[in-house]
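A short worksheet on the structure shown next.
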Amino acid sequence: MNDTPSAGSEVVEQVSALVEDVFGRLKPVLAGAEGLLAASADATAEDLTRLRPQVFEVLGGLVVGAGFISAPNALADQEFGFEWWTETGDAEPAQLVISLDPDSENFLDYTRQSWFTVPRDTGRRHINGPYVDYLCTDEYTLTFTVPVQRDGAFAGVVGADIYVREVERLLAPKLRTLGGRAALVNAQGRVIVSNNARQATGSLVREVDVPVWWSAGAEPVTTETGTRLRRCGDSPIALVRSER
């Protein structure tokens with residue numbers, strides 16, 4: 001394992017920059033959504049179309065999906081609101097249409113999804129994944145979400161999707177230079193990308209209890225077995241390294 005003081009720093013910095021870039025691109029959508037809701041207590045689903053220019057600006061590069069999802073009853077004309085668009089390459093963005101009727105067999109209760117519930121319950125931005133996005137692409141995905149407020153109350157989230165394979169394309173070369181085993185994991189210890197076949201995307205790191213480390217403050221640490229954990233900036237992503 002590379003044990004120089006700067007070992008892993010480039011990976012940590014690159015992950016932090018990637019995360020901040022995605023959240024930064026969501027700021028105009030967040031401002032647009034909060035402005036729209038603040039302007040009228042009777043905002044409707046049709047009014048959400050005014051967010052499309054900002055959403056379309058987010059799409060491209062790493063971001064393959066983006067939009068606004070309302071909290072229940074935040075809109076005047078329907079209980080749920082879902083304005084989400086996906087990147088289609090050279091063609092125009094495509095709108096993702098889902099059933100918002102609770103009585104429908106195909107109803108998607110997004111209020112139970114962690115990309116929605118965590119920002120709602122914590123008031124903080126969140127990264128969900130890696131998970132297989134069966135709704136859109138059937139690919140391993142990371143979803144970035146930020147809570148939307150109206151009059152100090154939770155009114156929904158704005159968010160963006162990126163493919164894990166694109167994260168891997170960017171980060172795998174630096175991970176390989178670290179030697180040993182190195183993986184980027186979420187706060188539950190689930191692997192996002194790694195430099196070895198034994199730690200596949202979606203698998204759990206088992207040589208160390210990542211959730212316990214995270215709940216204890218996520219300070220850089222080396223365990224008795226030599227496993228090193230280091231948080232990537234302010235993101236809910238950590239670099240885990242070991243010689244085994």
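Values in this text are rule-based calculations from the coordinates and carry no lab data. Fair warning: this is a prediction, and the values are worked out from it, not measured in the lab. As a convention, Cβ positions derive from the backbone with ideal geometry for all residues, glycine included, and neighbour counts pool all protein chains shown.
Label points 7 Å out from Cα along the Cβ direction at Ala31 and Arg206: separation in nm?
My value for the distance between the label points is 4.9 nm.
How big is the gap, in Å, between the Cα center of region 42-86 and the Cα center of region 218-244?
37 Å
222 nm [θ] for the chain, helices only, -39500 (n - 2.57) per DSSP H run of 4+, per residue, to 500?
Dividing the helical sum by the residues of the chain leaves -8000 deg cm²/dmol.
Sticking with the crude label model, points 7 Å out along Cα→Cβ, report the distance from Glu46 to Ala218 in nm, one decimal please.
For the pair Glu46/Ala218, the computed spacing is 4.3 nm.
I'd like the FRET efficiency for Thr177 and Glu243, computed as 1/(1 + (r/R0)^6) with the beta carbon distance as r and R0 of 25 Å, rounded to 0.05.
0.95
Work from the charge dipole of the chain (Cβ charges, +1 for Lys and Arg, -1 for Asp and Glu, about the Cα centre) and give the residue of Gly24, Val164, Leu75 farthest towards its positive end.
So the residue furthest toward the plus end is Val164.
With the dipole of the chain worked out from charges on the C-beta (+1 for Lys and Arg, -1 for Asp and Glu) around the Cα centre, which of Gln95, Gly152, Val221 lies farthest toward the positive end?
Val221
When only C-alpha pairs under 8 Å and at least 6 residues apart count, what is the relative contact order of the chain, in percent?
Over the chain, the number comes to 18 percent.
For region 92-234, what is the relative contact order in percent, using Cα pairs closer than 8 Å and at least 6 residues apart in sequence?
12 percent
May I ask which residue of Val212, Gly179, Leu239 lies farthest towards the positive end of the charge dipole of region 164-244, with charges of +1 (Lys, Arg) and -1 (Asp, Glu) on Cβ and the Cα centre as origin?
Gly179
For the chain, what value does the Rg/Rh ratio take when both radii are computed over Cα atoms and Rh is the Kirkwood radius, given to two decimals?
Details: Rg = 19.2 Å, Rh = 19.0 Å.
So for the chain, dividing Rg by the Kirkwood Rh gives 1.01.
Take Ser9, project a point 7 Å from its Cα along the Cβ direction, then tell me which residues of region 208-244 have their backbone nitrogen under 16 Å from it.
Residues passing the 16 Å test: 220, 230-233.
Please give the FRET efficiency for Asp101 paired with Arg165, using the beta carbon to beta carbon distance and R0 = 25 Å, rounded to the nearest 0.05.
0.15
Measuring from label point to label point, each 7 Å out along Cα→Cβ, what is the Ala94 to Leu135 span in nm?
A separation of 1.6 nm, rounded to one decimal place.
As an exercise, use a Förster radius of 22 Å and the Cβ-Cβ distance of Asp109 and Phe154 to find the FRET efficiency, rounded to the nearest 0.05.
0.85
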